[in-house]
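Asker: Please find one structure pasted underneath; my questions will follow.
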Amino acid sequence: MKSIRRFFPRRYVLPLAMLSVTSFVALLVLLWYLTAIQNRQDVERDRIAIASALDGILDFAVHDLQDYSIWDDAARHLLGGFDRQWADDNISVYLGARQGYQHVFVVEDDRKTIYSYENGQSADVPLDAVTAIGPAILYGITDANRPGIRGQEAIGGFSHSTAGIFAYAASALTALTPSPDLSPGPPRTLIIAMLLDEQALAQMASRYRLGTLRIVGPEGVLDTEEAVVLTSRDGTSVGQLAWMPERPGTVLLYRILPGLFIIGAIATTAAATVLNRARRADEELTSSRVNIQHLAYHDALTGLANRRRFQDVLREGGAGPNMQILYMDLDGFKEANDVYGHAMGDALLIEAARRIGAAASEDALVARTGGDEFAILMPGREGEPRRTCDGVLRAFDPAFEVRGYSVNIGVTVGAASGAEGLEGEELMRRADVAMYAAKSRGKRGWLAYNTELDAANQVRHVMEGALREALDNDLVRVVFQPIVSAGTGRIEMVEALARWNHPQLGEVPPDQFIRVAEQSGLINALGRRVLAHACAAAKAWPIRISVNLSPVEFWDRDLVGSIHRVLDQAGFPSSRLDLEITERHLLRRPDEAAAILSEFRMRGIRISLDDFGTGYSSIGYLQRLSIDRIKMDRSFVQAAERGGKGLRMAAAVVKLGQALDLPVTAEGVETPAQAALMREIGCSHLQGWLFGHGMCAEEITAALERQNGEVPRR
Ligand code: C2E
Ligand code: CA
Ligand code: CA
């Protein structure tokens with residue numbers, strides 16, 4: 001049954017099975033009914049034939065009898081007196097021997113047998129000894145029919161004895177022409193009886209085209225036989241005449257049945273074929289429906305659920321206290337996608353999806369909700385969301401080995417837990433806020449939502465809008481911090497630093513608004529604006545300028561071109577420009593970084609490695625990349641001042657630079673002691689509050705004038 005269901009869809013099998021079973025059953029019932037009718041009709045015909053045969057026998061008997069009972073000679077010899085010899089010679093010989101009646105009787109007064117003839121000779125057997133016609137029946141007959149018999153009518157009927165069933169006829173002995181010389185005497189009846197033996201039945205059967213007939217008792221009829229009850233004239237049964245009906249309907253049925261089964265088999269095969277086709281059509285339909293449904297609810301690339309499905313499930317399941325959402329954004333994906341191309345990007349997404357899926361619990365719904373955004377919807381449990389967040393972060397530790405490349409892709413996770421009455425949308429928003437907060441805290445980490453984040457997020461949003469406005473209105477200023485020669489103390493360079501004073505927010509720290517600019521895509525505009533201001537201000541200065549490049553800017557495809565456009569517009573020689581880049585971002589994709597850097601170098605732009613020592617400084621890469629200067633991070637200066645290991649490390653950084661032929665600038669020099677230390681360990685340049693904070697262009701101009709004793713001409 002199972003296999004049938006598997007092969008044929010139930011909704012086809014059931015109606016079709018019902019249809020074929022009912023039609024087959026109906027056909028059988030109809031056939032059976034027709035057969036029964038046919039059989040019954042045949043039996044009825046037999047019955048009628050037998051009835052008329054029996055009637056015929058009685059009619060013959062009556063007819064035979066009347067020839068003798070209503071006869072003047074017979075009346076003369078047999079009424080009044082009784083001439084036995086005459087009766088033998090003139091009646092019994094004919095009726096007995098010739099016509100085959102076994103018995104001839106003459107009964108007086110309806111009860112006294114005065115003459116008996118049996119099988120060809122006179123006998124002393126009384127009527128009631130031979131047949132159950134008996135006087136009682138005869139009385140009945142004679143009583144009931146006395147006028148009839150007296151009226152010269154003969155009667156016929158059936159009776160039985162131990163020998164079998166008899167057909168008999170009885171008639172009053174009467175003269176045909178009444179005459180006065182006849183002695184009246186008591187009434188006498190002439191009776192003849194014929195045993196319905198085998199021979200008589202065979203004769204009857206052949207005359208009426210019946211099957212074999214046999215006489216049976218009340219219990220003797222076989223199941224397969226039909227019978228007619230023979231009744232005496234008073235209506236009591238004297239026996240049954242049974243025969244085997246031909247049952248032509250059944251015969252016909254047996255002839256038809258094999259054909260019927262063949263037709264049934266053909267019909268079944270046809271039905272199975274139809275079913276099979278229907279099944280295939282059904283399967284195709286189902287699979288296409290499943291496909292469409294799958295497409296509608298799944299991300300074609302990764303096979304994960306898509307945003308729509310994620311939202312649907314969230315909406316259906318609700319954002320109750322037992323639900324948790326993790327929102328994930330890949331770090332470094334966009335850059336990789338830009339640099340390696342979309343095929344690589346796809347491969348990275350597939351691998352990222354695999355890693356996230358593996359880190360999620362069995363009952364979690366993992367979805368790709370956007371370009372490089374993923375989400376997990378899972379039941380809240382003890383230890384969550386920490387366990388899954390840690391799992392996801394760990395899953396991204398190993399580099400992605402894809403298409404022969406080894407790429408570092410990170411992930412930042414925001415988590416939010418459901419609460420009573422919380423909408424799914426709100427839960428998603430919270431996870432999103434947490435994720436952004438985690439990003440702004442340095443990526444590759446996770447953070448659970450709390451209401452303070454909302455505030456921070458609010459601030460970020462406000463800040464983003466304000467920064468956009470500030471850039472539109474050119475309200476971001478640039479200050480310049482001197483970089484002095486360690487040997488002479490003269491300003492040899494200035495670092496351009498962005499400043500933003502917002503009317504409500506006040507002086508926003510660059511770290512903060514630079515991050516907002518990076519996150520909102522404003523960083524390129526900001527970077528070019530700072531460069532343009534710096535070029536404009538420093539055009540006449542006899543020194544180099546150093547401008548910071550954010551890693552987000554660095555991987556921008558139009559970076560080199562856009563910087564050149566700014567330089568051209570300002571008429572600032574590229575040979576006087578330094579770009580500061582942090583090593584962390586260069587090392588992530590050294591080949592591409594090297595290509596970009598050499599392009600800068602070709603155009604005469606120099607590169608400073610900013611915040612050196614805080615990343616994963618690798619001598620190998622330093623050698624390969626076209627770097628012009630190392631800016632040792634402020635933390636080394638502070639550490640060096642404490643002596644010992646800190647000093648040795650700072651000295652090692654400087655030695656490394658010297659080994660690579662790179663001048664080293666010490667950042668964050670605040671005291672003369674620090675300056676002395678840095679000079680001592682071999683730094684070529686010093687930068688820090690000791691030599692000046694970020695200053696406006698006029699201040700730098702003034703400082704340069706003081707330093708050179710000459711006024712640079714515009
Ligand atoms: P940075 O590139 O390391 O810039 C030097 C930072 O150190 C500046 O902070 C500067 O004011 C500070 N500083 C200089 N001397 C001293 C000192 O003696 N002691 C101490 N404690 N700090 C000192 P600022 O201006 O707040 O800038 C912070 C960071 O913002 C910069 O760090 C740089 O990464 C980024 N930034 C600033 N302006 C820009 C810009 O125009 N574009 C980009 N992409 N990033 C910028
Ligand atoms: Ca810098
Ligand atoms: Ca720095």
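Bear in mind these aren't lab numbers, they're just calculated from the coordinates by the rules spelled out. Note that this is a predicted model, so its numbers are computed, not measured. Cβ placement follows ideal geometry from the backbone for every residue including glycine, while neighbour counts extend to all protein chains displayed.
Asker: Okay, helix-only estimate at 222 nm for the chain: each DSSP H run of n ≥ 4 adds -39500 (n - 2.57), divide by all residues, round to 500 deg cm²/dmol; what do you get?
Answerer: Dividing the helical sum by the residues of the chain leaves -16500 deg cm²/dmol.
Asker: Separate question: Identify the trypsin sites (Lys or Arg not before Pro) of the stretch 160-268 meeting these criteria: DSSP loop state and at most 13 other C-beta atoms within 10 Å of the C-beta.
Answerer: Answer in residue order: Arg209.
Asker: Provide the net charge surrounding Val479, with neighbours chosen by a C-beta distance below 12 Å and charges set as Lys +1, Arg +1, Asp -1, Glu -1.
Answerer: Net charge around Val479: -2.
Asker: Separate question: Residue separation times 0.36 nm, minus the C-alpha to C-alpha distance between Thr614 and Phe24: what's the value?
Answerer: Full extension from Thr614 to Phe24 adds 203.5 nm.
Asker: How much net charge surrounds Ile491 when only other residues with a Cβ under 13 Å from its Cβ are counted (Lys, Arg +1; Asp, Glu -1)?
Answerer: -1
Asker: Taking K and R as +1 and D and E as -1, what net charge do the other residues with C-beta under 11 Å from the C-beta of Trp86 add up to?
Answerer: Taking every Cβ under 11 Å from that of Trp86, the sum is -2.
Asker: With a cap of 13 neighbouring Cβ atoms within 10 Å, and only residues DSSP puts in a loop, list the GluC sites (Glu not before Pro) found in the stretch 341-449.
Answerer: Sites meeting the loop and neighbour criteria: Glu362, Glu382, Glu420, Glu423.
Asker: Hey, another quick one. Can you give me the angle between helix 342-359 and the longest principal axis of the chain, using Cα atoms only, in degrees from 0 to 90, rounded to the nearest 10?
Answerer: 70 degrees
Asker: Something else now. Enumerate by residue number the GluC sites (Glu not before Pro) in the stretch 207-285 meeting two conditions: DSSP loop (anything except H, G, I, E, B), and at most 10 other Cβ atoms within 10 Å of the site's Cβ.
Answerer: When the GluC sites (Glu not before Pro) of the stretch 207-285 are filtered for loop state and at most 10 Cβ neighbours within 10 Å, Glu219 remain.
Asker: Okay, next question. Once both axes come from the Cα atoms, what is the angle between helix 248-297 and the longest principal axis of the chain, in degrees from 0 to 90, rounded to 10?
Answerer: Long axis of 248-297 versus the principal axis of the chain: about 10 degrees.
Asker: Can you tell me the mean projection area, over all orientations, of the convex hull of the chain's alpha carbons? Units nm², please.
Answerer: If I average the Cα hull's projected area over directions, I get 58.9 nm².
Asker: Roughly what % of DSSP beta bridges within the chain run antiparallel, to the nearest 5?
Answerer: The antiparallel fraction comes to roughly 75 percent.
Asker: Hey, another quick one. If you line up the long axis of helix 424-440 against the longest principal axis of the chain, both from Cα atoms, how many degrees apart are they, to the nearest 10?
Answerer: 30 degrees
Asker: Then there's this: Kindly provide the Kirkwood hydrodynamic radius of the stretch 461-708 in Å, to one decimal, from all pairs of distinct alpha carbon atoms.
Answerer: About 18.5 Å for the stretch 461-708.
Asker: Share of antiparallel DSSP beta bridges in the stretch 461-708, in percent to the nearest 5?
Answerer: Bridges in the stretch 461-708 that DSSP calls antiparallel: roughly 45 percent.
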